[in-house]
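Chemist: There's a structure below that I have some questions on.
The values are calculated or read from the model by the stated rules, or taken from the named source; none is laboratory data. Predicted model, so just to flag it, every value in this text is computed and none were measured. Every residue, glycine as well, gets a Cβ built from its backbone with ideal geometry; the counts of neighbours run over all protein chains shown.
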């Protein structure tokens, strides 16, 4: 999950459940109350594969679905 308002790009791993339609529901919550996530806990999001700093790959939430 991308954090907002950090001044630099910061990503945080989160727990999400895959739904039958291929979307994901964000299950975890910020551990630090000062963090602001791009999408709040409970959101249904579309994810895409992303290459992170250092070359690791994973899914990143890219769009909130209403």
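Chemist: With 42, 54 as the choices, which residue is over 15 Å from residue 2 (Cβ atoms) and either within 10 Å of the chain's Cα centre (by Cα) or modelled with pLDDT of 95 or more (or both)?
Modeler: None of the other options fit; the residue is 42.
Chemist: Then there's this: In the list 22, 5, which residue meets the criterion of being more than 11 Å from the chain's Cα centre (by Cα) and at pLDDT below 95?
Modeler: Being more than 11 Å from the chain's Cα centre (by Cα) and at pLDDT below 95 holds for just one of 22, 5, which is 5.
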